[in-house]
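Working notes for the structure below.
We did not get these values from a lab; they are worked out from the coordinates using the rules stated. Given the structure is predicted, the values throughout are model-derived calculations rather than measurements. Cβ placement follows ideal geometry from the backbone for every residue including glycine, while neighbour counts extend to all protein chains displayed.
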Ligand SMILES: [Zn+2]
Ligand SMILES: [Zn+2]
C-alpha cells in the first residue's frame, strides 16, 4: 500500500513538473540537514553531494547552503515548505564550491538576503565563467549567470542575524578550506554548522591554505559544541574528537611536504610520494589527494 | 539478430566519439596558421618531448616538463620553444628563447589547463626547422577552477623571487636552476555581475634570466602560466658568477585579446653563485 502510494506520488510530482522535497533530518529542534553521499560530482548525481539544510526561527527560515544544482535547491525549498509556512529570509552560503551554492537561484522568488564571507562574491565572479562552461559535461546540468547568485551582504568578521527568538552567529574565517569559509552557530541549541571546514569520511579538499586550515581547526578545537554539522559526513556529537582524522591528515601533509621541499624535491614527485599512509582512512582519496598535495606544495614553497 | 544490427552502429560510433574529445581542430584550422603561417612543422619527439600528467589533478597547477633531446652547441641548438594549450580561452602559454649558454634547453613550469586538451610545444632550431611534440591532458579537479587558491596571499608577496639550486652545480657543465616568482597571474576571466571587481587580467608578460649578463632564458608569457610562476632551466656556471632574473607584468582589458594592455611594473632579483 505504501509502495503504491509513493509510486502515485512520483507520477503526480513528475506529471505536474513539481519537485519532490529533499529528505532532511531534524538534528536539533528546528535544525534540518540533508546529508549528502560521498561521491564525486558527476552527471548522475548532478553535483548533489554536500550536506545542506535550514534553521527555522519564530519569524522566518535561514537556509544554509542550497545544493549542487538548481533542482536540488528547489527540492530543499519543498522540504522547507513541508516543515513550515514561514518565509525564507536568509540564504547563507558557507563558501564558493558548486555543491553548496548551485541551488541558490531556487530561492530568489522568496527575496531573501543572500549572505556569505566578504570574499565570496569575488570567488564566485572569478570562477563563474569556468563553472558555467563546465557544468554540462561535468554535472549534466545547464547553468547561467543567473544561477550564480552573489551575496548582497559580505561578512567581514562576525554577523549576528535574528530569525525570530533565535540568533545565529555567522563567522568569516581566514583562508582555510577556501578563502571564503563562513560558519553558522546556533546559540539556542549549541550547534555549530562548520560545513566544509570539517570533512568526515570524505577526504578533506584543500582549495585555500593548508596552514590556514590547520590554524582555524586548532582554534575551533578549543571550543566545546554540543553538535557540529560537517560539510561532508555524519552529524558530530563528540567535539573536538571528531576532527582528529582531518587534523592528522592535514598535519601529515604539512610535515612531509616541508621535509620534501627542504630536500630539494619537485612538485611532480611530491604528488606520488607524500601522504599515502593516510590512504585507507578516506573515501575518494585517489580523486583528491594529489590535488591537495599540489595546492599545499605551492603554498609551502613560499614559507621562508 | 535484431540485437546485432543495433550493435553495429554503436560500435562504429564509439571510436568517433573518443576522437571528438581529442580533436585537433583548433590547432589545424586556427592556431597553426596564427603562429606558423606557411611553415612546415615536423611532428616528432626527436628534438623535444613533453612530460605532463595525463590526468591533471589541479587544473590551476599542472606541472609540465619539456625535455630536450639535443645538446645546445654553437652549431646546432634550440633557439625558441612555443607552448600552446589548444582549448584554453587564450591558447598561447609562452615563448621561450634559449642560447648555447643555456647548456640544455630543458624547461619545467606549471600551467593552467581549462579542459580536456592537447598541450603542445614547438621547438625552432637555429637552422629554422620546426619540431613539435604534443600530449593530451585531461583536466579534472572537480570543484577547483584554474585560478590560484589564495589570492590575497599571492597579492601580498607579488614581485618576490627566489632562486633554488640542487647540489650538482658544476663549472662548465649544464646545471639546473629553479626560479620561483610570486605573482597571482590573474586571468581576468571574471563574471561581470558585480562591477566593483577588477575584470582585467594581470599577468607576467616578460621574463629574462641572465648569467654574467648573458641571456640564458628569455620568455614571453601569458595567463596560462599558473599563479606563482615557477621555472626550472639550465645554465653553465663558470666559477663565481651572477644569475639575474627580471620580469615585468601587464594588465589587459579583456582576457582573450592583447590589443589594449598597459604595463604595470618590473621586478628583478640577482644571486651570486659559487659552484
Ligand atoms: Zn562541499
Ligand atoms: Zn567545499
Could you give the semi-axes, largest first, of the ellipsoid that matches the protein assembly as shown, computed as the square roots of 5 times the alpha carbon gyration tensor eigenvalues and rounded to whole Å?
46, 28, 21
Nearest 0.05, what FRET efficiency do residue B:44 and residue B:248 give at R0 = 41 Å with Cβ-Cβ as r?
0.75
Among beta bridges assigned by DSSP with both residues in the protein assembly as shown, the antiparallel ones amount in percent, to the nearest 5, to 85 percent
Taking each residue of A:124-137 in turn, how many C-beta atoms of other protein chains fall within 10 Å of its C-beta, and what is the average?
6
Limiting things to C-alpha atoms, what are the Rg and the maximum Cα-Cα separation (Dmax) for the range A:22-74, in angstroms?
11.9, 39
The relative contact order of chain B, taking Cα pairs under 8 Å that sit 6 or more residues apart, comes to a percentage of 18 percent
Residue B:36/residue B:74 FRET efficiency (R0 25 Å; Cβ-Cβ; nearest 0.05):
0.45
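Over the range A:17-241, what relative contact order in percent results from Cα pairs under 8 Å that are six or more residues apart? Each step should come with its number before you reach the end.
Numbers: 538 pairs, mean separation 39.2, N = 225.
Relative contact order comes out at 17 percent.
Rounded, prolate or oblate: pick one for the range B:13-106, where a ≥ b ≥ c are the square roots of the eigenvalues of its C-alpha gyration tensor, a/c under 1.5 means rounded, and failing that, prolate if a/b is larger than b/c, else oblate.
Since a/c reaches 1.5 and a/b is larger than b/c, the shape of the range B:13-106 is classed as prolate.
What translational D, rounded to a whole number of µm²/s, comes out for chain A from Stokes-Einstein when the hydrodynamic radius is the Kirkwood one over Cα pairs, at 37 °C and 0.692 mPa s? Display every interim value, and only then the final one.
On the way: Rh = 20.0 Å.
It comes out at roughly 164 µm²/s.
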Can you list the equivalent-ellipsoid semi-axes of the range B:112-189, largest first and in whole Å, using the square root of 5 times each Cα gyration tensor eigenvalue?
28, 25, 13
Kindly identify the range A:22-166 as rounded, prolate or oblate by the Cα gyration tensor criterion: order the square roots of the eigenvalues as a ≥ b ≥ c, call it rounded if a/c is under 1.5, otherwise compare a/b with b/c, prolate if a/b is larger, else oblate.
oblate
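Take every residue in peptide B:148-161, count the Cβ atoms of other chains within 10 Å of its Cβ, and give the average of those counts. Each step should come with its number before you reach the end.
Working: counts 5, 14, 13, 6, 6, 8, 3, 0, 0, 1, 0, 0, 1, 0.
Mean inter-chain Cβ contacts per residue within 10 Å come to 4.
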Taking Cα atoms only, helix A:120-139 is inclined relative to the longest principal axis of chain A by an angle, in degrees rounded to 10, of 80 degrees
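In what sequence, highest mean first, do B:76-88, B:202-214 appear when ranked by Cβ atoms within 10 angstrom?
Packing proxy ranking, top to bottom: B:76-88, B:202-214.
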Using Cα atoms only, what is the angle between the long axis of helix A:285-300 and the major principal axis of chain A, expressed in degrees (0 to 90) to the nearest 10?
60 degrees
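When a/c reaches 1.5 or more, the comparison of a/b and b/c decides; with that in mind, is chain B rounded, prolate or oblate per its Cα gyration tensor? Please list the in-between numbers first.
Values: a/c = 2.03, a/b = 1.34, b/c = 1.51.
It comes out oblate by the Cα gyration axes.
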7 Å from Cα along Cα→Cβ at both residue A:219 and residue A:38: what's the point-to-point distance in nm?
2.9 nm
Rounded to the nearest 10 degrees, the helix A:70-83 long axis (Cα) sits at an angle to the longest Cα principal axis of chain A of 60 degrees
Computed FRET value (nearest 0.05) for residue B:257 with residue B:138, which takes r as the C-beta separation and R₀ as 35 Å:
0.80
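Report, as an integer, the average count of C-beta atoms from other chains found within 10 Å of each Cβ along A:296-302.
On the way: counts 1, 2, 13, 6, 0, 7, 8.
Per residue, the number of nearby Cβ atoms from other chains is 5 on average.
Given the -39500 (n - 2.57) contribution per DSSP H run of 4+ residues, what per-residue ellipticity at 222 nm results for the protein assembly as shown, rounded to the nearest 500 deg cm²/dmol? All intermediate terms of the calculation are to be shown ahead of the outcome.
On the way: 11 runs with 138 residues, N = 579.
Calculated from helices alone, the mean residue ellipticity at 222 nm is -7500 deg cm²/dmol.
So what is Rg over Rh here for the range A:245-304, counting just Cα atoms and using Kirkwood for Rh? Could the numbers behind the result be given before it?
Numbers: Rg = 10.9 Å, Rh = 11.6 Å.
Result for the range A:245-304 is an Rg/Rh of 0.94.
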Cβ neighbours within 10 Å, averaged per peptide: list B:131-139, B:157-165 in order, most packed at the top.
B:131-139, B:157-165
